[in-house]
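Working notes, beginning with the structure itself.
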Amino acid sequence: MNQRQSTGEGASLPAAPGTDQSLRALLLAAGGANQRAAVAAAAVAAGRLRFKLWRTMSQIKTEDELILFEKEIKEFWTKFKSICGSEHTNQTLGLKESCKESIKALSEKWSKKLKEGDLMIDKIQEYRNEILQQNICIEEKQENLTEINSKIKHEEEQKRDFIDRIQELKEELTRKKEMLSAKNKATKERLERLNKSKELFEERLGLEIRRIYDEQLQFIFRCIDHKDPDKPYTFTLSINEQGDYEVTSSSPPLDCIAELQLKVRETNNFAAFIANIRKAFTALSYK
């Protein structure tokens, strides 16, 4: 019965000489460089050992021997599990610590990288702000430059207009000078003719010519009225802005003065003009 009970349970295997030594060897193998493979090999060796012990169990005869054998087997498995579990735990803890250190190192490294990245981002943002401010300043300066260029262009246009206007005024002044010179020449020529006519008229027609205010000439006729030969008949003559003869007064008044004035402007025959006025005064004296 005891033999049947022992053979029915896998844990109740007989002990064999050198069991502890085999376990130590397996555990030493488990502590090598490749612990996982060593533990797996130890498990396979333990299975083989159980098989050998099971065959040895058939030789046990008494119940005390069976109990002792089962006790040794339990102790073997307890030691085996404890050592294997401890090795596995130590290995796990070692990996865990190594992983923690790696994670810590990576965390410190990436934390440093992140700080550097934050500093770089802040620096980039600072550069962007500076560039934005510089762009704003450039835009303002460009607007000012555009305004200044516009003013300069406007002033240049005004300058050109002034130059053109000055040139026009110079040309106009030249024309006026030429006209004035021509008028002065004509006036001089007329004065010369008047002087000649004066001498002639004074001698033959009893005419006296006087220079009065505003560069006017007064013509005084005598010997017209046969009843009173000394009675004066006068008219005043000037040259207007257009350079034409203009009668400003007549005493006594003559109705034909405007017609005679127009005729002398057309013909420029001053002697005939003086003669026609004397004839008009003479005709008036007989009325």
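The values are calculated or read from the model by the stated rules, or taken from the named source; none is laboratory data. Please read all numbers here as calculations on a predicted model, not as lab measurements. Note: ideal-geometry Cβ built from the backbone for every residue, glycine included; neighbour counts use all protein chains shown. The area values use the complete protein model at the heavy-atom level, side chains included, leaving out ligands, DNA and RNA. Shrake-Rupley method; radii C 1.70, N 1.55, O 1.52, S 1.80 Å.
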(request) Kindly list the number of the only condition in (1) at pLDDT 90 or above; (2) open to solvent by less than 90 Å² (accessible area, probe 1.4 Å) that fails for residue 117. (result) (1)
(message) Test of understanding: among 141, 185, which residue is part of a helix (DSSP H, G or I) and over 25 Å from the mean Cα position of the chain (by Cα)?
(response) 185
(message) Against the condition open to solvent by 80 Å² or more (accessible area, probe 1.4 Å) and charged (D, E, K, R), how does residue 159 come out, does it pass?
(response) yes
(request) Give the number of residues within segment 230-246 that are open to solvent by less than 50 Å² (accessible area, probe 1.4 Å), touching a strand residue (DSSP E or B) at 6+ places or on another chain (Cβ under 8 Å) and either among the charged types (D, E, K, R) or closer than 22 Å to residue 184 by Cβ (or both). (result) 5
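Give me the residue from segment 120-133 that is open to solvent by less than 100 Å² (accessible area, probe 1.4 Å) and among the hydrophobic types (A, V, I, L, M, F, W, C) and, out of that set, farthest from the chain's Cα centre (by Cα).
The residue in question is 124.
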(message) It is to be established whether one or more residues within segment 151-162 are within 30 Å of residue 241 (Cα to Cα) and at pLDDT 85 or above.
(response) yes
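So that you can scan it fast, the table gives a plain yes or no per residue for (1) under 60 Å from the mean Cα position of the chain (by Cα); (2) modelled with pLDDT of 85 or more; (3) more than 22 Å from residue 183 (Cβ to Cβ); (4) not in a helix (DSSP H, G or I):
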residue	(1), (2), (3), (4)
200	no, no, yes, no
228	no, yes, yes, yes
248	no, yes, no, yes
253	no, yes, yes, yes
265	no, yes, no, no
273	no, yes, no, no
282	no, yes, yes, no
(message) Looking only at segment 249-287, count every residue that is closer than 21 Å to residue 192 by Cα and open to solvent by 60 Å² or more (accessible area, probe 1.4 Å) and tell me the total.
(response) 6
